[in-house]
Amino acid sequence: VSKITSNPWNMKDKAAWRQRQVVKRLYADEVLAPLTILASHFDVHQYGALSVNVERYPLLLARTPHWAATKKTILVTGGVHGYETSGVHGAIGMLELLQSPDASHFVREFNFLIAPCVSPWGYETINRWNPSALDPNRSFFADSQAEESRLLLDAMGEYSAEVFAHFDLHETTDTDNTVFRPALAARDGREYAEWEIPDGFYLVGDTMKPEDAFQAAIIARVQNVTHIAPADEQGRIIGEPCTQPGVINYATKKLGLCAGMTDAPFVTTTEVYPDSPNVTPQACIDAQVAAICGGVDFLLQNS
Ligand SMILES: [Zn+2]
């Protein structure tokens, strides 16, 4: 099905869209409160704030204690798309795991750098876009107009070269078809083809450095927690050919994706499906944590 829309949005249309957005949940209660507790264990620092409301939307980055230049660094980003709840809570869940004895082998070998909620306005209003109707996950490039992306890129400056692996935590939801892709088509005055929302978890690797064995290790771990998305009749997921079960690749840097923000040799974007009748919110969070653990265990064994 394709739909023809009218002219691309002008500034007034974007402002009207912004006016329609309302706060549906609180960043302070759901994200900042758990991070305040975790700050007793981690080195949590603020790398900026969203200009839409600097008091309400501080941006936080957590580092594991015993940070050492001799260790390789693992980067985890959540909430680049603020509406993708398990990305945010998966990043917080990973911090909770990292302070437990179960993860002592991880922190002995690696530094962890975790930005749990890159787009807090999107988190509160359950949006893919930022307040300027820009998609932060198409905006990771120099001089980006999306401040969520630009501020994180700036904060990463000193770490970028050291990042060994990057896990960017996302979801693919039914609202992608019902709300967000139609809005994108309307904003840009374009047609769009509806695609099947895959029922299950999948990964997006990087076309330039697919690291198939790394991705396979993540899928193997996640399938203990939630089901993996099957390919469609053409062997595709969201229109891209699968390179192996549950894995597609994108040109992350070229597209301005968060996963392309560093030169890390190992990168992946997780895509949890929260709308399946077979999953719970907690299972989605557990799938995000399992994905990181599966990937990090692979790196421990193979590097
Ligand atoms: Zn996303």
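Numbers below:
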item: Surrounding net charge for Lys71, when Lys and Arg each add one and Asp and Glu each subtract one, Cβ distance under 14 Å; result: +1
item: Ordering of 102-112, 257-267, 21-31 by packing [mean C-beta count within 10 Å, highest first]; result: 257-267, 102-112, 21-31
item: Relative contact order %, the range 74-200, counting alpha carbon pairs below 8 Å whose residues are six or more apart; result: 31
item: For the range 69-205, the fraction of alpha-carbon pairs in successive 10 Å shells from zero, as %; result: 11, 36, 34, 15, 4, 0
item: Antiparallel content of DSSP bridges confined to the chain, in %, to 5; result: 40
item: Added length on full extension, which subtracts the Cα-Cα distance from 0.36 nm per residue, Lys12 to Ser51; result: 12.1 nm
item: Which of Ile37, Ile238 has the fewest Cβ neighbours within 10 Å, and the rest in rising order; result: Ile37, Ile238
item: Distance from the range 1-72 to the range 140-171 (C-alpha centre basis), Å; result: 13
item: Antiparallel content of DSSP bridges confined to the range 32-115, in %, to 5; result: 55
item: Count, lysine Cα pairs under 24 Å in the chain, 8 or more residues apart or across chains; result: 9
item: The chain: projected area of the alpha-carbon convex hull, averaged over directions, in nm²; result: 15.1
item: Extension gain from Thr207 to Gln244, taking 0.36 nm per residue of separation minus the Cα-Cα distance; result: 12.0 nm
item: Kyte-Doolittle mean at least 0.0, axial Cα span of 18 Å or more - DSSP H helices of the chain; result: 85-98, 281-302
item: Helical mean residue ellipticity (222 nm; -39500 (n - 2.57) per DSSP H run of 4+; nearest 500) of the chain; result: -9000 deg cm²/dmol
item: Projected label distance in nm at His105 and Ala161, using a 7 Å step from Cα toward the beta-carbon; result: 3.2
item: Rule-of-thumb Rg ratio for the range 176-254 [Cα; 2.2 N^0.38 Å; N residues]; result: 1.22
item: Relative contact order (%) - criterion: Cα under 8 Å, at least six apart; region: the chain; result: 22
item: Ratio of Rg to Rh over the range 9-78 (Cα coordinates, Kirkwood Rh, two decimals); result: 1.12
item: Shape category assigned to the range 185-227 from the gyration tensor of Cα positions, a/c cut at 1.5; result: oblate
item: Neighbourhood charge, 15 Å Cβ-Cβ cut-off, centred on Arg56 and excluding it, Lys, Arg +1 and Asp, Glu -1; result: -4
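Rule-based calculations on the coordinates, nothing more; no lab input. All values reported here derive from a predicted model rather than from experimental measurement. Glycine also receives a Cβ, built like all others from the backbone with ideal geometry; neighbour counts cover every protein chain displayed.
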